[in-house]
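The block underneath contains the structure these notes are about, expressed in structure tokens.
Computed from the coordinates by the stated procedures, all read-outs in this text should not be read as laboratory data. Given the structure is predicted, the values throughout are model-derived calculations rather than measurements. Every residue, glycine among them, receives a Cβ derived from its backbone with ideal geometry; neighbour counts consider all protein chains shown.
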Amino acid sequence: MENILRIATTEGDLVFDSFLGSATTVAVAAKLNRHYIGVEIGDHAQTHCQPRLQKVIDGEQGGISKAVYWQGGGGFRFCKLGPTVFDEFGLLNTEIKFPTLAAHIWYIETRLPLGKKKLSPLIGTHNGTAYYLLYNGILGDKRPTGGNVLTGKTLGLLPKFDGPKVIYGETARLGDTRLQKENITFKQIPYDVKAL
């Protein structure tokens, strides 16, 4: 693995291992001063790969350590992915909760991470536009379809914003004239929620 990485990369390059297995590739990448991303499915990632990488960072002396004078150092982040936004047919996953869909919509609209926010139909504002999500009873109605439809009553419950608004919801019962008057671009769930 050392020879492959030396031939194909230089210090500071990014090495991607989409089948992490025993984490050998990323262990060697770390010792050769390469950045790395490793992907593994299942508990194996946490029970085997994460501890192995921690040992590498701590300075373990296996593999190529002596040959490259490895003393440890650096670091890594271990991330666990949540449920997919879309199912295998490209439809919105019915298991998705409000915060996950809100973060996805925020990213496709702004190309920025959402970060931690309190639960609100107002996802946030960016470049003078407010983004709203009507989904999963965010307005207090715990029925699955409650509050997901943009009506005059629903509009009155939304946090106020003077300026353009993009509202995602199941459907809109407001006509085009009212949407224009309120400066609203309505986007229908799931059809206007895009995969990246």
*Scan of segment 86-109 for residues that are within 13 Å of K194 (Cα to Cα), without any contact (Cβ under 8 Å) to a residue 24 or more places away in the chain and under 13 Å from the mean Cα position of the chain (by Cα), ordered by number*: A103
*Within segment 177-189, how many residues are under 29 Å from N93 (Cα atoms) and either part of a helix (DSSP H, G or I) or aromatic (F, W, Y) (or both)?*
2
_Matching residues in segment 171-186 - criterion: being over 27 Å from the mean Cα position of the chain (by Cα), on the phi < 0 side of the Ramachandran plot and surrounded by fewer than 17 Cβ atoms within 10 Å (Cβ to Cβ)_ = R173, G175, D176, T177, R178, Q180, K181, E182
_Candidate set: segment 150-170, residues that are of a type in the set (V, I, T) and closer than 12 Å to P121 by Cα; chosen: the one surrounded by the most Cβ atoms within 10 Å (Cβ to Cβ)_ = I167
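Do you know which of the residues in segment 48-74 that are under 16 Å from G38 (Cβ atoms) and touching a helix residue (DSSP H, G or I) at 6+ places or on another chain (Cβ under 6 Å) is surrounded by the most Cβ atoms within 10 Å (Cβ to Cβ)? Spell out how you get there, then give the answer.
Of the residues in segment 48-74, the ones under 16 Å from G38 (Cβ atoms) are 48-57, 63, 74.
Narrowing further to those that are touching a helix residue (DSSP H, G or I) at 6+ places or on another chain (Cβ under 6 Å): 56, 74.
Working: V56: 24, G74: 12.
By that ranking, first place goes to V56.
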*Considering each residue of segment 2-32, count those that are at positive phi and surrounded by fewer than 15 Cβ atoms within 10 Å (Cβ to Cβ), and give that number.*
2
